[in-house]
1. Which of (1) farther than 23 Å from Gln182 by Cβ; (2) within 24 Å of the chain's Cα centre (by Cα) does Ile360 not meet, given it meets every other one?
2. Considering only residues that are over 13 Å from Thr121 (Cβ atoms) and hydroxyl-bearing (Ser, Thr, Tyr), which ones fall in the range 151-187?
3. Return the residue satisfying two criteria in turn: it lies in the range 339-348 and is open to solvent by less than 10 Å² (accessible area, probe 1.4 Å) and hydrophobic (A, V, I, L, M, F, W, C), and of such residues it is farthest from Phe420 (Cα to Cα).
4. Looking at (1) without any contact (Cβ under 8 Å) to a residue 40 or more places away in the chain; (2) of a type outside the set (D, E, K, R); (3) surrounded by fewer than 17 Cβ atoms within 10 Å (Cβ to Cβ), which is the only condition Gly371 fails?
5. Consider only pairs whose beta carbons are under 7 Å apart and that are at least six residues apart or on different chains; among these, list those whose first residue lies in the range 440-457 and is touching a residue at least 60 places away in the same chain (Cβ under 8 Å) and whose second residue is basic (Lys, Arg).
6. Restricting the search to the range 319-329, which residues are buried (at least 24 other Cβ atoms within 10 Å of the Cβ) and in a loop (DSSP other than H, G, I, E, B)?
7. Taking interchain pairs and intrachain pairs at least six residues apart, which have beta carbon atoms under 7 angstrom, with the first residue in the range 43-60 and more than 21 Å from Asp115 (Cα to Cα) and the second at pLDDT below 80?
8. Give the residue, chosen from Ser140, Ser127, Ser116, that is within 20 Å of Asp75 (Cα to Cα), at pLDDT below 90 and polar (S, T, N, Q).
Amino acid sequence: MNEIQNLTERIIDRVNINLREHHFDVGPYVRGIVSPEKYMKFYAFYGLTSRHPVSLSFKNSALAGSYFLGKCQVDFSIVYKTDVRGDELKQKGDVFKFRGFEIPLHDDERIRIQDSIMHKTLVHNFSHDPESPEEFFIVSSVSLHYANIHGAPVEGSFFGPFATVDLTTVHDSVVGAYSYVQTGELMHKRIEPGQVWIASKEDGFDFRYSYSPDVLARYVKVNEGADPSGIFMDFINERKNDFEGAFALAPYDYNQDVPRGASVSNYSVLLGRTSLSENVLVAQRCYLLDAQMGVGANAQENCFVINSKLAGYNVTAHGGKIINADMDRQCFVGFNSFLRGLEQQPLKVGPGCIVMPHTIIDLREPLEIPGGQVVWGHIRDKRDLETNSMSIENLAKIQGEISIGGMRFQGAGGVLVEAFKHRIEHILEANGAFYDGDNNRGHAQDHERVSFNILQPYRDGARAGIYPTTIIQP
């Protein structure tokens, strides 16, 4: 048994100990999915800019095709084709504000990944845990394909494919396939597949939606010892060969003029009649085909925009997919949402709409969503839209409880609306959507001149596929 297999078995044991109260065994979901030989076929890489000096430290890690930007420390872990973003880490001397508390940082925040396996996961930094503001940790955990760990420190947990934990500290929990959780804390919980749960005890709201098992199985299905299956995986696999050029060792030429203030990752794919406007951000592992990106629009990691128009100041959050759609200005498409209109009659989404995380719009007839709507759930036609949407104005008026179709909301709707508006504005600001040439720089401008450096593993022997111990100080 080689070192990668030894690491894998040790991680399985450690995660299973944390999940013992759930009687959950991660072994069948880990063994057999990635053969040790695959680790020798990829190179890891890290980005370097004057604003993001790196500080990487690897020990017994098998990193495969992972990407790092910003400070990190990896001890004994396996990560696999995972994006670890460290471009919003807090810095020594910053004051972290949390529910009236002001916590000065005594050191720079670091990302620490220990005894964890992540398959094509996005890790976005910035811990919102007031008990560990200097450390963003992922410990004794396993996540499957295209999960998102976004501002969410994690310990002893399992995430199914396309699951998302967002701004939530997670301990000893199981989050099922295509579930989304944003609750601040999640401890010793088991979230069934297809659950969307957004809640805040302090602010007084609770939003929940559940996909039926039959619907969910069409889009993503977990298979022990093998890759997930379903429409989502088919969609990605049909296009993965287009990424081969982007991940060649030489810089990728996507034959695209990049306007002022915009940036396009070398590890993204731009095809066909794609056009970009000022201050657009296209992150790594994105796929754009015949896409029109208006001013300040962004496509975050693992996003697909195909035969679609984004009018401007649009947010397409991590893993979002927009196919055959016309999106008006200032529309938000949440994590891992899947929007697919008809090829000859695109889905039309009016200005200022909020498509909730993990929404599926997969049309069988033409559909136009009016401006100012909140949309969730599974939508295939006009009738579905009636029970899976409401105006932002009406949502803001809710005080108490309401049920619409499979959605249940309790609390103050106005607080939820304001939270979303604030977050969308923050995302646009952080990504540099409002850059004027001098002020309001963001990720799009900071990433314009990023340099990429590669790391390659041992090619033979017991440590084949494992990357050597590496320490890189800023």
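1. The failed condition is (1).
2. Selection gives Thr168, Thr169, Ser173, Tyr178, Ser179, Tyr180, Thr183.
3. Of everything passing the filter in the range 339-348, Leu347 is farthest from Phe420 (Cα to Cα).
4. Failing condition for Gly371: (1).
5. From residues that are touching a residue at least 60 places away in the same chain (Cβ under 8 Å), the pairs are Asp446/Arg51.
6. Within the range 319-329, Gly319, Gly320 qualify.
7. Final answer for the pair search is Leu48/Val54; Thr49/Arg449; Pro53/Pro474; Val54/Ile472; Val54/Pro474.
8. Ser127
The values are calculated or read from the model by the stated rules, or taken from the named source; none is laboratory data. All of these numbers come straight from a predicted model, not from anything done at the bench. Cβ coordinates were reconstructed from backbone atoms using ideal geometry, including for glycine residues, and neighbour counts include every protein chain displayed. Accessible surface areas use protein heavy atoms only, side chains included; no ligands, DNA or RNA. Shrake-Rupley method; radii C 1.70, N 1.55, O 1.52, S 1.80 Å.
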